[in-house]
1. Quick one: residue 157 ticks every box in (1) surrounded by 17 or more Cβ atoms within 10 Å (Cβ to Cβ); (2) more than 28 Å from residue 212 (Cβ to Cβ); (3) of a type outside the set (Asp, Glu) bar one, so which box is it?
2. Looking for whichever is closer than 24 Å to residue 287 by Cβ and modelled with pLDDT under 95 here; the options are 208, 214. Which one fits?
3. Within the stretch 67-82, work out how many residues are within 16 Å of residue 112 (Cα to Cα) and surrounded by fewer than 17 Cβ atoms within 10 Å (Cβ to Cβ).
4. Go through the stretch 21-46 residue by residue and tally those that are surrounded by fewer than 17 Cβ atoms within 10 Å (Cβ to Cβ), at pLDDT 85 or above and farther than 17 Å from residue 95 by Cα.
5. Condition first: closer than 19 Å to residue 255 by Cβ, surrounded by 18 or more Cβ atoms within 10 Å (Cβ to Cβ) and of a type outside the set (A, V, I, L, M). Now tell me which residues in the stretch 212-232 satisfy that.
6. Please give the number of the condition residue 177 fails out of (1) touching a helix residue (DSSP H, G or I) at 6+ places or on another chain (Cβ under 8 Å); (2) farther than 21 Å from residue 314 by Cα; (3) surrounded by fewer than 17 Cβ atoms within 10 Å (Cβ to Cβ).
7. Report, by residue number, each residue of the stretch 49-65 that is free of Cβ contacts under 8 Å to residues at least 40 places away in the same chain and either part of a strand (DSSP E or B) or crowded, with 18+ Cβ neighbours inside 10 Å (or both).
8. Give just the number: which of (1) farther than 21 Å from residue 26 by Cα; (2) at pLDDT below 80; (3) touching a strand residue (DSSP E or B) at 6+ places or on another chain (Cβ under 8 Å); (4) loosely packed, with under 15 Cβ neighbours inside 10 Å does residue 163 not satisfy?
Amino acid sequence: MKRFVPFFLLILSFLLPVAAYAQKTDTVIFYNGDRAVCEIKNLSQGKLTLSTVAMGTISVEWRKVAYLSSDKNFEIVLKDHSTIYGHIVHVDSARNVTLTFGIFTETVPIDNIVSLFPIKKSFWARLDGDFSMGFSYTQGTENLQLNSSGNVHYRKKKAIHSLSFNINASANPNTQSQKQDGGYRLEYYHRHRIYNSFEARWERNTELGLNSRLITMLGVGYSPIHNSYSVLSMELGASANREFTVADSVTNNVEAVVRLSYNLYIFSSPKIFINIKSATYPSLTVQNRLRSNFDGSIKWEIFNDFTFNITYWGNYDSHPIDENALNYDWGLTTGIGYTF
(Lines give C-alpha, C1' and ligand atoms only; values in the text may rest on other atoms or scores of the structure.)
Protein backbone atom coordinates (compact mmCIF):
# COMPACT_ATOMS: atom_id res chain seq x y z
CA MET A 1 0.00 0.00 0.00
CA LYS A 2 2.81 2.38 0.90
CA ARG A 3 4.30 2.12 -2.58
CA PHE A 4 1.20 3.79 -4.00
CA VAL A 5 1.42 6.87 -1.75
CA PRO A 6 4.30 8.59 -3.63
CA PHE A 7 2.65 7.74 -6.94
CA PHE A 8 -0.66 9.21 -5.73
CA LEU A 9 1.06 12.39 -4.54
CA LEU A 10 2.83 12.71 -7.88
CA ILE A 11 -0.45 12.44 -9.79
CA LEU A 12 -2.09 14.91 -7.38
CA SER A 13 0.73 17.42 -7.93
CA PHE A 14 -0.11 17.43 -11.65
CA LEU A 15 -3.88 17.52 -11.20
CA LEU A 16 -4.08 20.43 -8.77
CA PRO A 17 -2.51 23.02 -11.11
CA VAL A 18 -4.68 21.72 -13.95
CA ALA A 19 -7.79 22.12 -11.78
CA ALA A 20 -6.72 25.61 -10.79
CA TYR A 21 -6.20 26.67 -14.39
CA ALA A 22 -9.42 24.98 -15.48
CA GLN A 23 -11.44 27.48 -13.46
CA LYS A 24 -9.48 30.51 -14.70
CA THR A 25 -11.15 30.81 -18.12
CA ASP A 26 -12.26 34.46 -18.01
CA THR A 27 -10.32 37.17 -19.83
CA VAL A 28 -9.81 40.77 -18.71
CA ILE A 29 -7.87 43.28 -20.84
CA PHE A 30 -6.76 46.59 -19.34
CA TYR A 31 -6.22 49.97 -20.99
CA ASN A 32 -2.45 49.63 -20.67
CA GLY A 33 -2.57 46.45 -22.77
CA ASP A 34 -2.12 43.97 -19.91
CA ARG A 35 -4.19 40.81 -20.15
CA ALA A 36 -5.35 38.59 -17.28
CA VAL A 37 -6.65 35.05 -17.64
CA CYS A 38 -8.57 34.68 -14.42
CA GLU A 39 -11.82 33.91 -12.65
CA ILE A 40 -14.09 36.94 -12.27
CA LYS A 41 -15.34 36.97 -8.68
CA ASN A 42 -17.53 40.09 -8.75
CA LEU A 43 -17.82 43.76 -9.62
CA SER A 44 -19.01 45.95 -6.76
CA GLN A 45 -18.47 49.60 -5.76
CA GLY A 46 -16.28 50.24 -8.78
CA LYS A 47 -13.95 47.39 -7.86
CA LEU A 48 -13.50 44.28 -10.03
CA THR A 49 -12.29 41.32 -7.99
CA LEU A 50 -10.36 38.60 -9.83
CA SER A 51 -8.80 35.29 -8.88
CA THR A 52 -5.54 34.57 -10.69
CA VAL A 53 -3.09 31.68 -10.55
CA ALA A 54 0.02 33.86 -10.25
CA MET A 55 -1.18 36.58 -7.83
CA GLY A 56 -4.12 35.02 -6.03
CA THR A 57 -7.18 37.23 -5.46
CA ILE A 58 -6.72 40.85 -6.56
CA SER A 59 -8.96 43.91 -6.97
CA VAL A 60 -8.69 46.41 -9.81
CA GLU A 61 -10.46 49.67 -10.60
CA TRP A 62 -13.34 49.10 -13.01
CA ARG A 63 -12.60 52.18 -15.14
CA LYS A 64 -9.17 50.72 -15.98
CA VAL A 65 -10.79 47.70 -17.66
CA ALA A 66 -11.01 47.99 -21.46
CA TYR A 67 -12.61 44.63 -22.29
CA LEU A 68 -13.64 41.42 -20.60
CA SER A 69 -15.28 38.15 -21.56
CA SER A 70 -16.55 35.08 -19.73
CA ASP A 71 -18.56 31.98 -20.54
CA LYS A 72 -19.91 31.79 -16.98
CA ASN A 73 -23.38 32.99 -15.98
CA PHE A 74 -23.59 36.27 -14.08
CA GLU A 75 -26.18 38.51 -12.53
CA ILE A 76 -25.40 41.69 -14.49
CA VAL A 77 -26.89 44.94 -13.12
CA LEU A 78 -26.98 47.98 -15.42
CA LYS A 79 -27.23 51.69 -14.63
CA ASP A 80 -31.03 51.71 -15.01
CA HIS A 81 -31.27 48.90 -12.39
CA SER A 82 -32.28 46.41 -15.08
CA THR A 83 -30.80 42.97 -14.45
CA ILE A 84 -29.59 40.42 -17.00
CA TYR A 85 -28.79 36.82 -16.14
CA GLY A 86 -26.34 35.55 -18.73
CA HIS A 87 -22.73 35.66 -19.87
CA ILE A 88 -20.43 37.96 -21.80
CA VAL A 89 -19.72 36.45 -25.19
CA HIS A 90 -18.15 39.22 -27.26
CA VAL A 91 -16.27 42.49 -27.00
CA ASP A 92 -15.36 45.01 -29.67
CA SER A 93 -13.15 48.06 -30.08
CA ALA A 94 -15.94 50.48 -29.15
CA ARG A 95 -15.91 49.28 -25.52
CA ASN A 96 -19.24 47.53 -25.97
CA VAL A 97 -20.01 44.09 -24.59
CA THR A 98 -22.58 41.65 -25.91
CA LEU A 99 -24.55 39.90 -23.18
CA THR A 100 -26.23 36.58 -23.96
CA PHE A 101 -29.22 35.36 -21.95
CA GLY A 102 -31.07 32.37 -23.34
CA ILE A 103 -31.73 32.92 -27.05
CA PHE A 104 -31.49 36.71 -26.64
CA THR A 105 -28.53 39.08 -26.85
CA GLU A 106 -28.07 42.70 -25.87
CA THR A 107 -25.12 44.97 -26.61
CA VAL A 108 -24.34 47.62 -24.00
CA PRO A 109 -21.41 49.98 -23.28
CA ILE A 110 -19.12 48.47 -20.67
CA ASP A 111 -19.53 51.63 -18.55
CA ASN A 112 -23.25 50.83 -18.20
CA ILE A 113 -22.43 47.76 -16.13
CA VAL A 114 -22.68 48.60 -12.43
CA SER A 115 -22.18 45.18 -10.84
CA LEU A 116 -21.41 41.56 -11.70
CA PHE A 117 -22.14 38.63 -9.42
CA PRO A 118 -21.71 34.97 -10.42
CA ILE A 119 -24.99 33.09 -10.12
CA LYS A 120 -25.41 29.60 -8.65
CA LYS A 121 -23.17 30.68 -5.80
CA SER A 122 -23.67 29.72 -2.17
CA PHE A 123 -25.59 31.78 0.37
CA TRP A 124 -22.34 33.08 1.88
CA ALA A 125 -20.98 34.19 -1.49
CA ARG A 126 -23.92 36.61 -1.87
CA LEU A 127 -23.19 38.40 1.41
CA ASP A 128 -21.26 41.63 1.75
CA GLY A 129 -21.06 44.31 4.40
CA ASP A 130 -18.88 46.14 6.90
CA PHE A 131 -18.22 46.42 10.62
CA SER A 132 -16.67 49.23 12.66
CA MET A 133 -15.75 49.79 16.31
CA GLY A 134 -14.09 52.52 18.36
CA PHE A 135 -13.84 53.68 21.97
CA SER A 136 -12.21 56.31 24.16
CA TYR A 137 -11.65 56.89 27.88
CA THR A 138 -10.84 60.14 29.70
CA GLN A 139 -9.29 59.54 33.11
CA GLY A 140 -9.92 63.02 34.51
CA THR A 141 -13.69 62.80 34.06
CA GLU A 142 -13.84 58.98 34.10
CA ASN A 143 -15.81 59.22 30.88
CA LEU A 144 -16.03 56.10 28.69
CA GLN A 145 -17.33 56.28 25.12
CA LEU A 146 -18.10 53.33 22.85
CA ASN A 147 -19.27 53.28 19.24
CA SER A 148 -19.95 50.37 16.95
CA SER A 149 -21.81 49.84 13.67
CA GLY A 150 -22.39 47.12 11.13
CA ASN A 151 -24.18 46.33 7.89
CA VAL A 152 -24.84 43.03 6.13
CA HIS A 153 -26.39 42.84 2.64
CA TYR A 154 -27.76 39.76 0.90
CA ARG A 155 -28.35 40.05 -2.85
CA LYS A 156 -31.07 38.12 -4.69
CA LYS A 157 -32.70 38.61 -8.09
CA LYS A 158 -33.72 42.30 -8.26
CA ALA A 159 -33.66 42.59 -4.46
CA ILE A 160 -31.26 43.47 -1.65
CA HIS A 161 -31.95 42.42 1.95
CA SER A 162 -30.04 44.40 4.59
CA LEU A 163 -29.47 44.19 8.34
CA SER A 164 -27.83 47.09 10.18
CA PHE A 165 -27.06 48.37 13.67
CA ASN A 166 -25.47 51.44 15.29
CA ILE A 167 -24.41 51.83 18.93
CA ASN A 168 -23.17 55.06 20.52
CA ALA A 169 -22.91 55.05 24.31
CA SER A 170 -21.12 57.16 26.91
CA ALA A 171 -20.97 56.87 30.68
CA ASN A 172 -19.31 58.56 33.66
CA PRO A 173 -20.04 58.48 37.40
CA ASN A 174 -22.77 61.13 37.01
CA THR A 175 -24.57 60.47 33.72
CA GLN A 176 -25.17 57.89 31.03
CA SER A 177 -26.45 58.37 27.48
CA GLN A 178 -27.32 55.92 24.73
CA LYS A 179 -28.07 56.32 21.04
CA GLN A 180 -28.82 52.99 19.34
CA ASP A 181 -30.70 51.73 16.32
CA GLY A 182 -30.99 48.61 14.23
CA GLY A 183 -33.28 46.97 11.74
CA TYR A 184 -34.08 45.22 8.49
CA ARG A 185 -34.51 46.81 5.05
CA LEU A 186 -35.65 45.38 1.71
CA GLU A 187 -35.09 47.12 -1.63
CA TYR A 188 -36.77 45.69 -4.73
CA TYR A 189 -35.56 47.14 -8.04
CA HIS A 190 -37.50 47.83 -11.23
CA ARG A 191 -36.33 49.21 -14.55
CA HIS A 192 -35.57 52.90 -15.07
CA ARG A 193 -33.80 53.21 -11.68
CA ILE A 194 -37.01 52.90 -9.65
CA TYR A 195 -37.27 50.75 -6.53
CA ASN A 196 -39.63 49.97 -3.66
CA SER A 197 -38.52 49.71 -0.06
CA PHE A 198 -39.75 48.19 3.18
CA GLU A 199 -38.13 48.77 6.54
CA ALA A 200 -38.64 47.66 10.14
CA ARG A 201 -36.45 49.40 12.73
CA TRP A 202 -35.88 50.02 16.41
CA GLU A 203 -34.36 53.25 17.77
CA ARG A 204 -33.29 54.70 21.12
CA ASN A 205 -31.88 58.11 22.07
CA THR A 206 -31.96 58.92 25.78
CA GLU A 207 -30.79 62.53 25.20
CA LEU A 208 -34.04 63.15 23.29
CA GLY A 209 -36.09 61.41 25.98
CA LEU A 210 -36.67 58.38 23.75
CA ASN A 211 -36.37 54.99 25.41
CA SER A 212 -37.67 53.02 22.43
CA ARG A 213 -39.21 53.64 19.01
CA LEU A 214 -40.61 50.81 16.86
CA ILE A 215 -40.96 51.77 13.18
CA THR A 216 -42.30 50.26 9.97
CA MET A 217 -41.87 52.08 6.65
CA LEU A 218 -42.93 51.72 3.03
CA GLY A 219 -41.43 53.81 0.25
CA VAL A 220 -40.70 54.30 -3.42
CA GLY A 221 -37.32 55.54 -4.60
CA TYR A 222 -35.45 56.74 -7.66
CA SER A 223 -31.69 56.75 -8.38
CA PRO A 224 -30.79 59.58 -10.80
CA ILE A 225 -27.11 58.61 -10.42
CA HIS A 226 -26.25 54.91 -10.40
CA ASN A 227 -22.88 53.75 -11.65
CA SER A 228 -19.87 51.79 -10.43
CA TYR A 229 -18.47 54.72 -8.43
CA SER A 230 -21.40 56.67 -7.04
CA VAL A 231 -25.05 56.18 -6.20
CA LEU A 232 -27.56 58.95 -5.46
CA SER A 233 -30.99 57.82 -4.25
CA MET A 234 -34.14 59.80 -3.41
CA GLU A 235 -37.08 58.22 -1.62
CA LEU A 236 -40.62 59.15 -0.55
CA GLY A 237 -42.77 57.08 1.75
CA ALA A 238 -44.81 56.77 4.92
CA SER A 239 -44.15 55.24 8.31
CA ALA A 240 -46.00 54.25 11.45
CA ASN A 241 -44.23 54.16 14.81
CA ARG A 242 -44.82 53.56 18.48
CA GLU A 243 -42.71 55.58 20.93
CA PHE A 244 -41.85 54.90 24.57
CA THR A 245 -40.31 57.69 26.67
CA VAL A 246 -37.79 57.24 29.46
CA ALA A 247 -40.72 58.13 31.75
CA ASP A 248 -42.71 55.17 30.31
CA SER A 249 -45.37 57.13 28.42
CA VAL A 250 -46.46 55.72 25.03
CA THR A 251 -47.53 57.47 21.81
CA ASN A 252 -48.47 56.24 18.32
CA ASN A 253 -47.55 58.28 15.24
CA VAL A 254 -47.88 58.34 11.46
CA GLU A 255 -45.26 60.25 9.49
CA ALA A 256 -44.30 61.05 5.92
CA VAL A 257 -40.75 60.07 4.93
CA VAL A 258 -38.33 62.01 2.70
CA ARG A 259 -34.92 60.40 2.26
CA LEU A 260 -31.71 61.17 0.42
CA SER A 261 -28.56 59.05 0.28
CA TYR A 262 -25.28 59.34 -1.59
CA ASN A 263 -22.35 56.92 -1.81
CA LEU A 264 -19.04 57.77 -3.48
CA TYR A 265 -16.01 55.53 -4.01
CA ILE A 266 -12.68 57.25 -4.76
CA PHE A 267 -9.89 54.95 -5.92
CA SER A 268 -6.99 57.12 -4.84
CA SER A 269 -4.17 55.96 -2.60
CA PRO A 270 -5.53 55.27 -0.04
CA LYS A 271 -9.00 54.37 -1.28
CA ILE A 272 -11.77 56.58 0.11
CA PHE A 273 -15.42 55.71 0.69
CA ILE A 274 -17.95 58.48 1.46
CA ASN A 275 -21.49 57.74 2.65
CA ILE A 276 -24.15 60.37 3.37
CA LYS A 277 -27.73 59.68 4.47
CA SER A 278 -30.45 62.10 5.56
CA ALA A 279 -34.08 61.49 6.42
CA THR A 280 -36.88 63.92 7.29
CA TYR A 281 -40.14 62.84 8.98
CA PRO A 282 -42.99 65.41 8.93
CA SER A 283 -45.63 64.18 11.36
CA LEU A 284 -49.14 63.50 10.05
CA THR A 285 -50.63 63.07 13.53
CA VAL A 286 -48.84 65.68 15.70
CA GLN A 287 -49.20 69.27 14.54
CA ASN A 288 -45.93 71.05 13.63
CA ARG A 289 -43.77 68.11 14.68
CA LEU A 290 -40.75 67.45 12.48
CA ARG A 291 -38.01 64.88 13.00
CA SER A 292 -34.80 64.47 11.02
CA ASN A 293 -31.76 62.19 11.08
CA PHE A 294 -28.38 62.66 9.43
CA ASP A 295 -25.46 60.26 9.09
CA GLY A 296 -22.22 60.97 7.26
CA SER A 297 -19.05 58.91 7.19
CA ILE A 298 -15.72 58.87 5.41
CA LYS A 299 -13.52 55.78 5.34
CA TRP A 300 -9.87 55.47 4.33
CA GLU A 301 -8.59 52.00 3.48
CA ILE A 302 -5.54 51.27 5.66
CA PHE A 303 -4.75 47.91 4.09
CA ASN A 304 -6.69 45.04 2.49
CA ASP A 305 -10.32 45.76 3.48
CA PHE A 306 -9.44 47.42 6.83
CA THR A 307 -10.43 51.09 7.13
CA PHE A 308 -10.07 54.09 9.41
CA ASN A 309 -13.50 55.71 9.82
CA ILE A 310 -14.80 59.13 10.86
CA THR A 311 -18.57 59.40 11.35
CA TYR A 312 -20.84 62.32 12.18
CA TRP A 313 -24.48 61.79 13.14
CA GLY A 314 -27.29 64.09 14.25
CA ASN A 315 -30.88 63.59 15.46
CA TYR A 316 -33.45 66.43 15.62
CA ASP A 317 -36.98 66.44 17.03
CA SER A 318 -38.98 69.69 17.13
CA HIS A 319 -41.42 68.24 19.68
CA PRO A 320 -39.77 65.50 21.77
CA ILE A 321 -42.23 63.21 23.49
CA ASP A 322 -40.43 63.99 26.78
CA GLU A 323 -40.90 67.70 27.55
CA ASN A 324 -37.61 67.86 29.47
CA ALA A 325 -35.54 66.34 26.66
CA LEU A 326 -33.25 68.07 24.20
CA ASN A 327 -34.35 68.92 20.66
CA TYR A 328 -31.04 67.99 19.06
CA ASP A 329 -28.33 65.44 19.70
CA TRP A 330 -25.17 64.81 17.70
CA GLY A 331 -21.93 62.89 17.83
CA LEU A 332 -18.55 62.60 16.11
CA THR A 333 -16.82 59.24 16.30
CA THR A 334 -13.73 57.48 14.98
CA GLY A 335 -13.05 53.79 14.65
CA ILE A 336 -11.43 50.93 12.78
CA GLY A 337 -13.59 49.05 10.28
CA TYR A 338 -13.52 45.94 8.14
CA THR A 339 -15.31 45.44 4.81
CA PHE A 340 -16.21 42.01 3.45
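The values are calculated or read from the model by the stated rules, or taken from the named source; none is laboratory data. All of these numbers come straight from a predicted model, not from anything done at the bench. Note: ideal-geometry Cβ built from the backbone for every residue, glycine included; neighbour counts use all protein chains shown.
1. (1)
2. Working: 214 fails: modelled with pLDDT under 95.
Within the list 208, 214, the selection yields 208.
3. Initially, the stretch 67-82 is screened for residues within 16 Å of residue 112 (Cα to Cα), giving 67-69, 74-82.
From what's left, surrounded by fewer than 17 Cβ atoms within 10 Å (Cβ to Cβ): 80.
Number satisfying all stated conditions: 1.
4. Adding up the residues that qualify gives 1.
5. Step one: list which residues in the stretch 212-232 are closer than 19 Å to residue 255 by Cβ, which gives 212-221.
This time we only want the ones that are surrounded by 18 or more Cβ atoms within 10 Å (Cβ to Cβ), so: 213, 215, 217, 219, 221.
Scanning the stretch 212-232 gives 213, 219, 221.
6. Among (1) touching a helix residue (DSSP H, G or I) at 6+ places or on another chain (Cβ under 8 Å); (2) farther than 21 Å from residue 314 by Cα; (3) surrounded by fewer than 17 Cβ atoms within 10 Å (Cβ to Cβ), residue 177 violates only (2).
7. Filtering the stretch 49-65 down to residues free of Cβ contacts under 8 Å to residues at least 40 places away in the same chain leaves 49-60, 64.
Scanning the stretch 49-65 gives 49, 50, 51, 52, 56, 57, 58, 59, 60.
8. Here residue 163 clears every test but (2).
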